[in-house]
Amino acid sequence: MVFGIVTLAATVPLLATSTIQLQNTAQETKDGNGQASGSATKTNKCHVKVMPSPRMSSDIKNAVKDRRLILKDGVVKLSEQNEDNPPHHKVTAYFLPFPNKDYDGLVSTIDDMNMLNWVYVDGETYRVTYGTRAEAEKSHITGPMGLTLMADGNSKITLEGWDGYMAVEDGRGEWSLYFDKDSNGLSGKIDESDTERVAQVELQREMLE
């Protein structure tokens, strides 16, 4: 459930404070005071386009292409194909130094009020999700997040030095995003009885004005 700022301040002070501090950090980074963030291009907001790996079959490529990352049901999912204005919030992301770590993490707005959460990988399920710093630090994978330049001049988002992302389609036809940390096709991490298709994907940045 997403709360407004007033509700957060009244009911969950710690969470509201964390959100405000994260927004302040973002502003400091953009003002040039956050030296740990690296290249300025990392602090530019972007949407994230899902690109099927060249290794995938034609039917998988056609099923996954032209989708964007969205926030839904507390996790990161793929939008419908060619959906410019999905009913759920698009991942609107940029890089920030993760607190008390020597690497960059990834943040995204979570609503139209530009409240921020960290995007991270659940340490047990390897599913990509989002939450506050306190939630992200609970034995989850928060980075290092990075960028790799593609042949066409665009850039893709990496984690732990590579782009091991996978899209998993469930029995309802919804695609969720995972990270194949162990490089074994998510063995033991997904419910095969409720899985229709699995695709290796890349996450391409679509820069915003």
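Derivation of every value follows stated rules applied to the coordinates shown; laboratory data play no part. Here the structure is a predicted model, which means the values were calculated and not measured. Positions of Cβ are backbone-derived with ideal geometry, glycine not excepted, and every protein chain shown enters the neighbour counts.
Assorted remarks:
- Within segment 133-180, considering residues that are surrounded by fewer than 20 Cβ atoms within 10 Å (Cβ to Cβ) and of a type in the set (A, V, I, L, M), the one farthest from residue 44 (Cα to Cα): 134
- All positions within segment 76-92 that are of a type in the set (A, V, I, L, M, F, W, C) and more than 9 Å from the chain's Cα centre (by Cα): 78
- Close pairs (8 angstrom Cβ cut-off, 6 or more residues apart or separate chains): over 17 Å from residue 46 (Cβ atoms) in segment 77-90, of a type in the set (S, T, N, Q) and outside any loop (DSSP other than H, G, I, E, B) anywhere: 77/176
- Check on residue 185, surrounded by 12 or more Cβ atoms within 10 Å (Cβ to Cβ), touching a strand residue (DSSP E or B) at 6+ places or on another chain (Cβ under 8 Å), of a type outside the set (A, V, I, L, M) and free of Cβ contacts under 8 Å to residues at least 24 places away in the same chain: yes
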